[in-house]
Amino acid sequence: ADTTDKDCNYRQLCRVYAQLADIFYRQNLMEENIKCLDMSVIYALRANDTMVAINSYAYKMAAYERLGLPDSVVRISDDLYRRYHCSTYRQTVICFLSQSVCSYITLGKADKARDILCLYEKESGYFNGGLEIEPGREAYYDMKAKYYMATGKADSAEIFYRLEKERGTDFANQNMAARGLTRIFQEKGMADSALKYSLYSYDMNDSLYSGMATKEVGHVKGMYDYSRFQ
């Protein structure tokens with residue numbers, strides 16, 4: 001794409017930057033990820049591609065969360081809602097807003113976290129009725145449990161951690177659920193149950209680390225193969 005050309009294909013260019021951002025995110029290079037997402041937003045707006053602009057802007061929340069910057073996460077969340085809550089993109093924006101729930105909780109804004117969870121439950125389209133969310137999105141149970149923990153409702157939090165453990169089959173969900181249950185039983189003074197889930201969390205964390213290490217080896221090999229090919 002030639003940006004000096006009046007017929008430059010900005011629609012293609014914004015997607016190229018979005019793909020670059022995804023690669024940097026997978027390599028845990030958050031600052032590079034954010035720079036590419038910013039470029040993707042700029043060119044998406046030039047192409048009048050609002051959906052890509054929203055997606056690229058919203059994905060910055062994940063990078064800021066990894067960088068431990070909850071203020072930046074909620075700033076983007078608030079901005080997205082303010083701009084698009086009355087538009088045709090409302091459902092998409094609400095789905096993205098869920099990424100900010102834990103940051104609001106970290107900042108002591110449980111009421112805001114509750115509002116976003118309510119919107120997510122009513123308008124995301126991911127729920128099959130009641131408390132059941134579609135497969136692959138079980139991290140919702142962790143967010144809901146953390147909200148209840150932040151508001152002093154450990155019994156309600158336990159329900160959602162158990163749902164995550166039951167329905168979230170990957171190591172990450174199993175680890176988060178076990179850690180949450182460990183904390184709950186520690187607060188309740190139930191040492192045997194706390195130990196049980198603590199050990200389970202340790203096993204899941206070990207499996208999660210092994211999986212991440214395997215992926216990292218794949219990334220390094222891919223970069224080596226690419227350099228050799230050049």
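The values are calculated or read from the model by the stated rules, or taken from the named source; none is laboratory data. Predicted, not measured: the structure shown is a model, and the values here were computed from it. Methodologically, a virtual Cβ is constructed for each residue, glycine included, from the backbone with ideal geometry; neighbour enumeration extends over all protein chains shown. What goes into the accessible areas is simple: the full protein's heavy atoms, side chains included, and nothing from ligands, DNA or RNA. Shrake-Rupley method; radii C 1.70, N 1.55, O 1.52, S 1.80 Å.
Looking only at the stretch 158-196, count every residue that is of a type in the set (Phe, Trp, Tyr) and open to solvent by 20 Å² or more (accessible area, probe 1.4 Å) and tell me the total.
Taking the stretch 158-196 first, the residues of a type in the set (Phe, Trp, Tyr) are 160-161, 171, 185.
The next check asks that each one be open to solvent by 20 Å² or more (accessible area, probe 1.4 Å); those that pass are 171.
Result for the stretch 158-196: 1.
Between ARG26, ARG46, ARG11, the distinction of being in contact (Cβ under 8 Å) with a residue 12 or more places away in the chain and in contact with an Asp or Glu (Cβ under 7 Å, 6 or more places away or on another chain) belongs to ARG11 only. Whether any residue in the stretch 111-126 is of a type in the set (A, V, I, L, M), assigned to a helix (DSSP H, G or I) and touching a Gly at 6+ places or on another chain (Cβ under 8 Å) is what I want to check. No, the stretch 111-126 contains no residue that is of a type in the set (A, V, I, L, M), assigned to a helix (DSSP H, G or I) and touching a Gly at 6+ places or on another chain (Cβ under 8 Å).
Condition test on TYR147, is it buried (at least 19 other Cβ atoms within 10 Å of the Cβ), modelled with pLDDT of 95 or more and touching a helix residue (DSSP H, G or I) at 6+ places or on another chain (Cβ under 9 Å)? Break it down stepwise before answering.
Details: buried (at least 19 other Cβ atoms within 10 Å of the Cβ): yes; modelled with pLDDT of 95 or more: yes; touching a helix residue (DSSP H, G or I) at 6+ places or on another chain (Cβ under 9 Å): yes.
So TYR147 passes the test.
Selection of the stretch 1-44 for residues being more than 24 Å from the chain's Cα centre (by Cα), surrounded by fewer than 16 Cβ atoms within 10 Å (Cβ to Cβ) and assigned to a helix (DSSP H, G or I) yields ARG11, GLN12.
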